[in-house]
1. Would you confirm, using the coordinates I've provided, whether ILE86 is within 26 Å of ARG14 (Cα to Cα) and assigned to a helix (DSSP H, G or I)?
2. Out of (1) more than 25 Å from VAL278 (Cα to Cα); (2) in contact with a helix residue (DSSP H, G or I) (Cβ under 6 Å, 6 or more places away or on another chain), the odd one out for VAL63 is which?
3. Can you pull out the residues in region 116-148 that are assigned to a helix (DSSP H, G or I) and in contact (Cβ under 8 Å) with a residue 40 or more places away in the chain?
4. Filter region 149-162 down to residues that are more than 15 Å from SER259 (Cβ to Cβ) and either of a type outside the set (D, E, K, R) or in a loop (DSSP other than H, G, I, E, B) (or both), then give me how many there are.
5. How many of the residues in region 165-203 are in a loop (DSSP other than H, G, I, E, B) and away from the ligand (no atom under 11 Å from the Cβ)?
6. Counting only residues that are among the basic types (Lys, Arg) and either buried (at least 22 other Cβ atoms within 10 Å of the Cβ) or within 14 Å of the ligand (Cβ to nearest atom) (or both), how many does region 135-164 have?
7. Whether any residue in region 270-283 is within 14 Å of the chain's Cα centre (by Cα) and surrounded by fewer than 18 Cβ atoms within 10 Å (Cβ to Cβ) is what I want to check.
Amino acid sequence: MTAKIISGRDIAQRIIEKELNPRVQKLKQKGITPKLVVIFVGDHSASASYIKQKEKFSALAGVVSEVRRFPESLSEEALLGEIAKINADKSIHGVIVQLPLPAHINMKKVIESIAPTKDVDGFGEANNKDLDVRESSLPPCTPKGIMTMLEKSKIPISGTRVVVMGRSHIVGRPVAEMLLYKGALLKVLHSQTPPDEAARALKEAQVLIVAVGKPELIHGEQLSKGVIVIDVGIHKREDGSMCGDVHFDSVSKVASLMSPVPGGVGPMTVVSLIENTVKAAEQKL
Ligand code: NAP
């Protein structure tokens, strides 16, 4: 068996063309151009490349994006002041603070200072309640991107044995909650899961979502034939190439469908950010 690839890149492109472009067009006819501001503190190199992708997707969707760059030495007070100005600016519909922030800045305090209606990353507490994708106002982008990827690939979730590896606040926990809403028979594995329990759950999984942050941790022999695998991890190898949390070559021999790295969950995350920005602008109508 060789897995069929779920291309997040292609799904994202179709969402931009078929869904976001018409929605942005409608907004523009009413005199509103959705605008996203990205706050970038310091010069973290991975952040710089993520920001480029966000600018590219915004432009394709017809959303204006502005990157506001600040030195590493920026004080927490000055950053909170900048966010307060953005919260009050009616021409801006969404704002994100690119993470990681320098160690002297309290990330949680900064995230919670963003108005929930403009928190298009969906990281704030207000947007992390009742994570039903249909209802949550601005759902967190990576979990939303994963759910959209499953939905557009017509992967049934209700009554399916789904395993999520990882329980972080930005990926594992919220995607698990979204999957439960959809009726998944859910198991969440984390660092405290006994190895024999984890091994059994992996073998029984019909759908596996891996967000552990460990390069190529999951191998094909741990899984059952026909499993559907979504790889959330992103890692840069020493030679500059990319890999995920899943060992692609061995897993692609047993899986029926799997998402690649790069070109899988990454573009789905970015398109979800742009979707949230458009939604935030629509809510101002
Ligand atoms: P994180 O905050 O480091 O969380 C990792 C989670 O994995 C933790 O809950 C941890 O359990 C669990 N874990 C660690 N080792 C494990 C093991 N052997 N078995 C089972 N669970 C294990 O990471 P994250 O922020 O969720 O990110 C995960 C990966 O996704 C990273 O590679 C990150 O770069 C990537 N990512 C990609 C995107 C995208 O857009 N594609 C977005 C966000 C993140 P404990 O809680 O018990 O410690």
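The values are calculated or read from the model by the stated rules, or taken from the named source; none is laboratory data. Computed from a predicted model, the values in this text were never measured in an experiment. Ideal geometry is used to build each Cβ from the backbone, glycine not excepted, and the neighbour counts take in all protein chains shown.
1. No; evaluated as a whole, the condition is false for this residue.
2. (1)
3. Result: THR117, LYS118, ASN128, CYS141, THR142, LYS144, GLY145, ILE146, THR148.
4. 5
5. 3
6. Number of matching residues: 1.
7. The answer is no, given that none of the residues of region 270-283 is within 14 Å of the chain's Cα centre (by Cα) and surrounded by fewer than 18 Cβ atoms within 10 Å (Cβ to Cβ).
The rows are residues; the columns are (1) among the small types (Gly, Ala, Ser); (2) in contact with a Pro (Cβ under 6 Å, 6 or more places away or on another chain); (3) modelled with pLDDT under 95.
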{"residue": "LEU131", "(1), (2), (3)": "no, yes, yes"}
{"residue": "SER137", "(1), (2), (3)": "yes, no, yes"}
{"residue": "LYS144", "(1), (2), (3)": "no, no, no"}
{"residue": "LYS152", "(1), (2), (3)": "no, no, no"}
{"residue": "THR160", "(1), (2), (3)": "no, no, no"}
{"residue": "SER168", "(1), (2), (3)": "yes, no, no"}
{"residue": "PRO174", "(1), (2), (3)": "no, yes, no"}
{"residue": "LEU179", "(1), (2), (3)": "no, no, no"}
